[in-house]
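Participant: Here's a structure for you.
The values are calculated or read from the model by the stated rules, or taken from the named source; none is laboratory data. Computed from a prediction, not measured in an experiment: that's the story for all the values here. Cβ: placed from backbone, ideal geometry, glycine included. Neighbour counts: every protein chain shown.
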Amino acid sequence: MSNKQTFHGSKPELFDLAERFAIRWPISTIPILIRPTVTLPNRAQRFEEEKKQLKVLPPSPFELSEWRAAKVHPDCHIQVEKNFYSVPFVYVGQNVRVRLTDKLVEVFNEDSQACGA
């Protein structure tokens, strides 16, 4: 079996064409194309360069949150993850958005205002 039959669906004439151009390629230019012309900085040098660009961290850490939708029940409660939370009675029947974090549950109305008492 020849090398031309190793690729399924390939045309043998493409291999012939590739072989002709490969033979014409000047061997003296190959090392120039492969060899990098500039020395690359090591890890410590790159870190020192990036260190100049870093900004100061914010005073409080970023807090991951998850948003959910809920409807206020007639008893002034919403249910989020099998837990019930009370909201003011003026929101009964409305759809609200709930922001969940590790420490806090916030409820917002359609105007993105916090639903507080």
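Participant: Mind telling me which of the residues 92, 87 ends up being at pLDDT 90 or above and touching a strand residue (DSSP E or B) at 6+ places or on another chain (Cβ under 7 Å)?
Facilitator: The match here is 87.
Participant: For the stretch 41-94, give me each residue that is of a type in the set (S, T, N, Q), under 21 Å from residue 112 (Cα atoms) and under 31 Å from the mean Cα position of the chain (by Cα).
Facilitator: 65, 79
Participant: Looking at (1) small (Gly, Ala, Ser); (2) modelled with pLDDT under 60; (3) within 30 Å of residue 102 (Cβ to Cβ), which is the one condition that is false for residue 60?
Facilitator: (2)
Participant: Given the criterion aromatic (Phe, Trp, Tyr) and either in contact (Cβ under 8 Å) with a residue 40 or more places away in the chain or loosely packed, with under 10 Cβ neighbours inside 10 Å (or both), identify the matching residue among 62, 89, 47.
Facilitator: Every option except 62 fails the conditions.
Participant: Then there is this: Hey, can you tell me all the residues within the stretch 40-96 that are aromatic (Phe, Trp, Tyr) and closer than 14 Å to residue 109 by Cα?
Facilitator: 67, 89, 91
Participant: I've got another one for you. List the strands (runs of 3 or more DSSP E) that sit entirely inside the stretch 37-93 and contain at least 1 residues that are in contact with a Phe, Trp or Tyr (Cβ under 7 Å, 6 or more places away or on another chain).
Facilitator: In the stretch 37-93, 77-80 are the strands (runs of 3 or more DSSP E) which contain 1 or more residues that are in contact with a Phe, Trp or Tyr (Cβ under 7 Å, 6 or more places away or on another chain).
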